[in-house]
Each structure stands twice: as structure tokens, then as C-alpha cells.
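Taking it in order: structure first as C-alpha cells, then the write-up.
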Amino acid sequence: MKKQLTISVFLFFIIILNAASQSGNGRLKVFIDCSDTRCDMPYIKTEINIIDFLMDRVSSDVHILITSQRTGDQGRQYQMIFYGQNDFTGTTDTLHFNTGPNATDFERRDEMLKYLKLGLGPWIAKTNKVSAINISMKSNGENTEEEEPTDDKWNFWVFRIGGNGSVNADKVYKSYRLNGNFSINRITDESKLRFYYYGGQNSSRYDYEDDNGAIVHDIVTNDRHNVFHQYVKSLNDHWSAGYTAHFRNDTFSNYKSRISLFPGIEYSIFPYQEVNNRFFTLNYSVGAESFAYIDSTIYEKKDEILARHNVAINLRFIQKWGNIRTGIEYHNYFHDWKYYRLSAYSDIEVRITGGLSFNTYFYGGLIHDQFNLRKGGATEAEVLTRRKQLESGYDINAHFGLSYRFGSKLSNFVNPRFDD
């Protein structure tokens, strides 16, 4: 009898606790998913305080997936998808907004906050916090009707120029790095034209004693210059065609010049307009490269012209359950098919359930096309100071992780005290 009474009391308390947890406080429970773009969550939480921010997407009433893509003027277009869950299952909404190329972090976060408030309004209106919403739709006497631009004095051309440098020094090591870049782009729905230059110089000085006790000053300097040009024409929602041209000069890789031209075609499994959520393309190009080497190569060459083709597959999914980015690229040279390069990458983040998440990144490549290697190999000092590129048959980089979070699901509070 006592055993049955104990079980009954235990079940009674479980029912009471469960009812308490389900009763809630009338606040909308929201999970904001910014895994694909940058969100200032402390700012959002302090400016919207009539909802509960959850760290568990499964328990939320609304799952907000925020993604962004770069626009033709080098600004960004944001997409917010509001997925209803629990009592709101089956309800979705989508908002878009753009930020300019010169927008500051302050301006971007304010615009994101504005559209979050707009998107959350209909959901909060169904809770007892609706009285906390203030809406203003009054203009200042200006014409607020949005008009299509009739003329762009720049005709969609965008120009950028920049440079940077660094200095690092201690008693036995000194280095500096100087880089410059500029780009010219014109991107519309019908076509994409890109041109950029990137170049610079890295110089390092090593001071050390040789076997005879003499001080040796070893200076390593590498120059590099890259010029890239691309033109792509949109054929329809799934097909596009274009070409890429590339010039490269790199003393580290033994290139006096490397010039390439590759026309190509691409097919997108999903319409290009769905790039914010899913992207799956197959790309094929074929062309030729002209090489001029600084020093003779291991194949006794000072210059040569080679033809090759390239195949690339890229897949990207950004969904409520997580993100997947993966791709495979292969190319080989026609004069001898044993000269090829095959590489693959995979970046996966999956929220398995509640607080359980899995993430992994992998990159691997098989390298069998190093025509540019200098004849004669490299000394120990040249290897240590990376004066010359060395032969390698592969390249691998990988990491993975599994995490589980339990405890409170709320993340409403912001406390910046003692932050570094």
C-alpha cells in the first residue's frame, strides 16, 4: 500500500511539474539561426525583450533562419524565413532586405533588427504580449512610394581599391608583408563580369649561427601577382555559360608567368533564385595554359603550353536542421592523363535533436600536376624558410566535433561584465 501511495505521489508531482512547464508565461519562444551569416545577438536580445530566446530549436514556437548573399554592388541581400512550430506548425513567412556596400556594422544590425521586428509582429500578436507592440506607419510628408530606378549613372559598375601591410620582428627574425588589390565588377540578373588584381611581396630575414659560429643573415623574399577576369551570361533559371582568364606571377611557385583561358558551362539542379536555401551546380570548362618558369623545372622545361579540362560539383543546403557545404573538383591535362588534381571538401553542421549537434570539416586533395617544381630540389634552409615549393602527392585537412547541451533553454540575458 505504501509503495502504491509513493508511486501515486511521485506521478502527481511529475504531472504538476509538467503542467507548470507547459503553461509558460505567454511569451513567444524564438530560436534565431544565424549559422550562415553574422548576427549581433546581444544587441537583438537587449532591443527585443518581450519574447523568450531559446537555445533549443525544437522547443521554440518560431525558428528564424537568416541567410545572406553578396549582391552586385558588393552589398548584401538578407533572407529571413520564419518557420512556425508547435502551436504554429504549418505557418511560414519570408522577408528580404538589402544593405549597401558601404554599410557599417551599426547600420546592418539596425536593419536586421527592423526586419526581425516586422517579421515577429504577426506571431507576437497571437500572444498576451501584443500590448507591448508599438507600430508607426506615418511618413514625414515625403513620398514613400518606392520607384524603380530609371537610371544608374555608373551603369552597375562597382570599383574597389585597397592595400595592407604588416611588420613582425624579434632579435633573430624580421619580416614584412605588403599587398595591394583592386577590383572592377558589374553584376546583374543577366550577366556577371568580374576583374581583379591582387599582388604583393613577403620578405623575411633570419639571423643564426652556422657550424663555425659565424652569424648568417638569410633573407627570403617572395613576390606574387594575380590578375583574374570572368564573364558569365545567364541563359535561364538553370543554365549559364561564360569564361575565366587568369594571369599569375609567383616566385615561390617558380612562375614567371602562368596564363590561362577556360570557357565553360554550368547547370544548376535547383533554380539559381533558391541560392539562400539550396544550391547544387555542375560545372565543366576546357581550355589551355601557357607557362613560363623562372628556373628550369624537374622536366627540363623553361616554358610550355598545355591543355586541360575541369569538372566541379558544388552542393550547399541551409535548412532548419543545419548546414551542408560540399564540393568536388577534378582536372587533368590532355597530353598525359596521369597528370591530374582531384580535391574534395565537406563542411557539415547538423543539429541532431534538441541540444545535440555534430559538426565536421574535411578537405583532401590528390596532387599529380606539379610541372612547376624547380630542378635540383631544395636545401634544408630553403625548406625551413619556405623559399621554394616542394613536391607533394596529397594535401589533407580535417576536424570534427560533437556537442551536447542540457539545462536551461533560455538565453534572454546579456551580461558584458569582465568581457575581454
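Consider the stretch 36-83 and keep the residues that are farther than 18 Å from SER411 by Cβ and among the β-branched types (Val, Ile, Thr). The one that is modelled with the lowest pLDDT is THR71. Among the residues of the stretch 38-48, those identified as surrounded by 15 or more Cβ atoms within 10 Å (Cβ to Cβ) and either part of a loop (DSSP other than H, G, I, E, B) or of a type in the set (S, T, N, Q) (or both) are CYS39, ASP40, ILE48. Here ARG351 fulfils each of the conditions (1) surrounded by 15 or more Cβ atoms within 10 Å (Cβ to Cβ); (2) over 23 Å from the mean Cα position of the chain (by Cα); (3) modelled with pLDDT under 90 apart from (2).
For the stretch 299-310, state whether one or more residues are touching a residue at least 60 places away in the same chain (Cβ under 8 Å) and under 26 Å from TRP239 (Cα atoms). There is no residue in the stretch 299-310 that is touching a residue at least 60 places away in the same chain (Cβ under 8 Å) and under 26 Å from TRP239 (Cα atoms).
Taking the numbered list (1) among the acidic types (Asp, Glu); (2) at pLDDT below 80; (3) outside any loop (DSSP other than H, G, I, E, B) in turn, ASP395 passes all entries but (2).
For the stretch 305-341, the set of residues classified as surrounded by fewer than 17 Cβ atoms within 10 Å (Cβ to Cβ), assigned to a strand (DSSP E or B) and hydroxyl-bearing (Ser, Thr, Tyr) consists of THR326, TYR330, TYR340, listed by residue number. Residues that are among the hydrophobic types (A, V, I, L, M, F, W, C) and surrounded by fewer than 20 Cβ atoms within 10 Å (Cβ to Cβ) were ranked within the stretch 54-84; the one that is nearest to the chain's Cα centre (by Cα) is MET55. Test LYS29 against the stated conditions and say whether it is farther than 24 Å from ILE324 by Cβ and at pLDDT 90 or above. Yes. I need the full set of residues from the stretch 166-205 which are of a type in the set (Val, Ile, Thr) and under 30 Å from TRP154 (Cα atoms), in order please. Passing the criteria: ILE184, ILE187, THR188. Just one of (1) touching a residue at least 40 places away in the same chain (Cβ under 8 Å); (2) within 17 Å of LYS320 (Cβ to Cβ) fails for PRO101. It is (2).
Residues to consider are SER285, SER290, SER296; find the one that is over 30 Å from GLN79 (Cα atoms), assigned by TED's automatic domain parsing to the domain that holds GLN230 and either surrounded by 15 or more Cβ atoms within 10 Å (Cβ to Cβ) or touching a helix residue (DSSP H, G or I) at 6+ places or on another chain (Cβ under 9 Å) (or both). None of the others qualify; the one that does is SER285. Only residues that are among the charged types (D, E, K, R) and surrounded by 14 or more Cβ atoms within 10 Å (Cβ to Cβ) were counted across the stretch 224-251, and they come to 3. Tell me, yes or no, whether the stretch 103-120 has at least one residue that is assigned to a strand (DSSP E or B) and farther than 18 Å from ILE48 by Cα. No, the stretch 103-120 contains no residue that is assigned to a strand (DSSP E or B) and farther than 18 Å from ILE48 by Cα.
The values are calculated or read from the model by the stated rules, or taken from the named source; none is laboratory data. All of these numbers come straight from a predicted model, not from anything done at the bench. Glycine also receives a Cβ, built like all others from the backbone with ideal geometry; neighbour counts cover every protein chain displayed.
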